[in-house]
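K.L.:
This structure is in structure tokens; I'll ask about it shortly.
The values are calculated or read from the model by the stated rules, or taken from the named source; none is laboratory data. Keep in mind that what you see is a predicted model, and the values were worked out from it rather than measured. Here the Cβ positions follow ideal geometry from the backbone for every residue, glycine too, while neighbour counts run over all protein chains shown.
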Amino acid sequence: MLRFTTAGESHGPALICVLEGMPAGVPLLAADVDTELARRQQGYGRGRRMQIERDTVELVAGVRAGETLGAPIAISIRNRDWANWQAIMDPAPRPGESARPTRARAVTRPRPGHADLAGLLKYDRDDARDILERASARETAARVAAGAICRRLLREFGVRIGSHLVHLGGIDAVRPDPFPTDINAAADASPLRTLDPAAERRMIERIDIVKREGNTLGGICEVVCDGLPVGLGSHVSWDRKLDGRLGAALLSIPAVKGVEMGLGFETARRSGAEVHDEIEMAPDRPLTGFVRRRTNRAGGLEGGMTTGEPLVLRVAMKPISTLMRPLGTVDTTTHGPAAAVAERSDVTAVPAMGVIAEAMVAFVIAQALLEKFGGDSLGELRRNYEGYLRQVAGRMAD
Ligand code: EPS
């Protein structure tokens with residue numbers, strides 16, 4: 001079973017990721033991961049923190065001479081900002097400190113919409129920094145690192161994952177026609193990772209206005225994954241359905257509030273004939289068993305399984321909950337009314353969220369691929385994959 005976990009506080013020494021279950025023999029360089037980390041750091045509307053960090057990985061375990069060993073892979077990403085936060089985040093008690101000391105920059109005015117208050121009460125803390133340091137979206141750098149390794153595996157099977165921003169703070173982007181074959185090459189060239197230059201200009205104006213107002217903005221990214229074979233995931237049990245697994249992975253991204261697959265909520269408004277994708281033979285499509293869907297309104301998923309058509313997922317992010325013009329809250333020390341803490345933050349991080357969503361999709365797809373085809377080495381996995389494709393092709397061949 002492919003699985004990963006992360007550790008690390010936003011202003012602690014480092015972020016750590018352990019990814020377990022990768023087969024041996026997958027080519028992997030630190031640069032494969034660093035490229036993805038750099039993509040996550042882009043985006044108009046980010047705060048000053050992104051000028052401090054230059055995320056790069058140290059491959060600490062599970063990789064030798066540019067190949068995975070089949071052992072758990074451990075990764076470390078240093079926080080450059082740690083140098084400025086040592087006294088506040090020091091894991092050891094500082095000289096003269098009592099038990100549960102009040103350190104500088106303690107947070108007692110929890111932000112509406114943030115983990116601050118529920119976390120402080122649940123974990124019985126005095127300083128909401130004990131919560132927010134971990135709830136911070138800084139953690140997603142470690143997820144993108146795990147996703148980058150999964151992508152490296154998927155690349156061996158011709159699977160590609162890209163994303164672009166389709167909505168920001170009330171402004172829709174128009175989907176380009178023709179749609180680029182390399183989505184990320186096009187989207188990464190845009191400061192908002194959108195494929196609609198006219199919408200991009202309006203979005204940037206909107207971000208500038210909202211920044212002056214001390215407010216924040218959310219938005220929607222679309223993730224597209226192609227090169228998949230038919231039959232990843234399964235219809236047989238609720239927890240094996242790929243729709244549910246993708247949904248859970250994407251909804252775990254900080255501030256993500258909704259996920260649509262294919263037409264998503266729009267399917268509920270249309271009749272069956274306007275929703276379902278008709279099937280026809282396609283002699284050039286071995287991955288799908290020589291068939292194709294005339295349309296792809298299902299977004300590449302039927303019955304909890306991949307159809308072999310591109311996966312199309314849309315992911316909605318709420319506005320960031322740190323507002324420079326703060327909302328009302330209560331002070332957890334005085335219990336009186338207060339303005340929420342206004343720490344340095346981003347006006348919007350929707351472009352970065354698209355890159356994080358790609359990473360989570362890469363993980364779920366790699367997990368489903370390994371589950372279906374198994375194998376301790378890349379070679380064994382490949383033999384199993386090719387044997388399955390022959391079986392599928394044989395069933396529909398003339
Ligand atoms: C974040 C607040 C900001 C963001 C941070 C997430 O950090 P800071 O409090 O240091 O200014 O920049 O995002 C990242 C550090 C990152 O790598 O994405 C928050 O509170 O979630």
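K.L.:
Are there any pairs, at least 6 apart or on different chains, whose C-beta atoms fall under 6 Å, with the first in segment 182-211 and under 13 Å from Glu222 (Cβ atoms) and part of a helix (DSSP H, G or I) and the second at pLDDT 95 or above and of a type in the set (Gly, Ala, Ser), and if so, which?
P.N.:
Short answer, once both residue conditions are applied: Ile183/Gly162; Asn184/Gly162.
K.L.:
Give the residue, chosen from Arg48, Arg54, Arg80, that is closer than 30 Å to Leu195 by Cα, within 16 Å of the ligand (Cβ to nearest atom), surrounded by fewer than 20 Cβ atoms within 10 Å (Cβ to Cβ) and free of Cβ contacts under 8 Å to residues at least 40 places away in the same chain. Break it down stepwise before answering.
P.N.:
Working: Arg48 fails: free of Cβ contacts under 8 Å to residues at least 40 places away in the same chain; Arg80 fails: closer than 30 Å to Leu195 by Cα.
Within the list Arg48, Arg54, Arg80, the selection yields Arg54.
K.L.:
Are any residues in segment 333-355 away from the ligand (no atom under 16 Å from the Cβ) and in contact with a Lys or Arg (Cβ under 6 Å, 6 or more places away or on another chain), and if so, which ones? Outline the logic, then answer.
P.N.:
Applying the first criterion (away from the ligand (no atom under 16 Å from the Cβ)) to segment 333-355 yields 333-339.
Ala338, the sole residue that qualifies.
K.L.:
Residue under question is Ser271, and the condition is that it be surrounded by fewer than 18 Cβ atoms within 10 Å (Cβ to Cβ), farther than 25 Å from Met360 by Cα and of a type outside the set (Phe, Trp, Tyr); does it hold? Spell out how you get there, then give the answer.
P.N.:
Values: surrounded by fewer than 18 Cβ atoms within 10 Å (Cβ to Cβ): yes; farther than 25 Å from Met360 by Cα: yes; of a type outside the set (Phe, Trp, Tyr): yes.
Yes; evaluated as a whole, the condition is true for this residue.
K.L.:
Quick check: anything in segment 48-58 β-branched (Val, Ile, Thr) and more than 30 Å from Ala362 (Cα to Cα)? Give the derivation first.
P.N.:
The initial filter retains those residues of segment 48-58 that are β-branched (Val, Ile, Thr), namely 52, 56-57.
Retained after the next criterion (residues that are more than 30 Å from Ala362 (Cα to Cα)): none.
Within segment 48-58, not a single residue is β-branched (Val, Ile, Thr) and more than 30 Å from Ala362 (Cα to Cα).
K.L.:
What's the number of the condition Val210 fails, among (1) under 16 Å from the mean Cα position of the chain (by Cα); (2) within 25 Å of Lys257 (Cβ to Cβ)?
P.N.:
Failing condition for Val210: (1).
To keep it simple, each residue is scored yes or no on (1) of a type outside the set (D, E, K, R); (2) at pLDDT 95 or above.
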site: Asn215; (1), (2): yes, yes
site: Ser234; (1), (2): yes, yes
site: Ala273; (1), (2): yes, yes
site: Thr288; (1), (2): yes, no
site: Arg294; (1), (2): no, yes
site: Pro310; (1), (2): yes, yes
site: Arg314; (1), (2): no, yes
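K.L.:
Here's another thing I want to ask about it. Filter segment 292-314 for residues that are more than 22 Å from Gly162 (Cβ to Cβ) and surrounded by fewer than 17 Cβ atoms within 10 Å (Cβ to Cβ); which is nearest to the chain's Cα centre (by Cα)?
P.N.:
Filtering segment 292-314 for residues that are more than 22 Å from Gly162 (Cβ to Cβ) and surrounded by fewer than 17 Cβ atoms within 10 Å (Cβ to Cβ), the one nearest to the chain's Cα centre (by Cα) comes out as Gly303.
K.L.:
Restricting to strands (runs of 3 or more DSSP E) lying wholly in segment 59-169: which have 3 or more residues that are within 16 Å of Glu36 (Cβ to Cβ)? Lay out the reasoning, then the answer.
P.N.:
Working: elements: 67-69, 73-78, 160-168.
Strands (runs of 3 or more DSSP E) meeting the threshold: 73-78, 160-168.
K.L.:
Filter segment 15-45 for residues that are within 13 Å of the ligand (Cβ to nearest atom) and of a type in the set (S, T, N, Q); which is farthest from Glu133 (Cα to Cα)?
P.N.:
Checked segment 15-45; the qualifying residue farthest from Glu133 (Cα to Cα) is Gln42.
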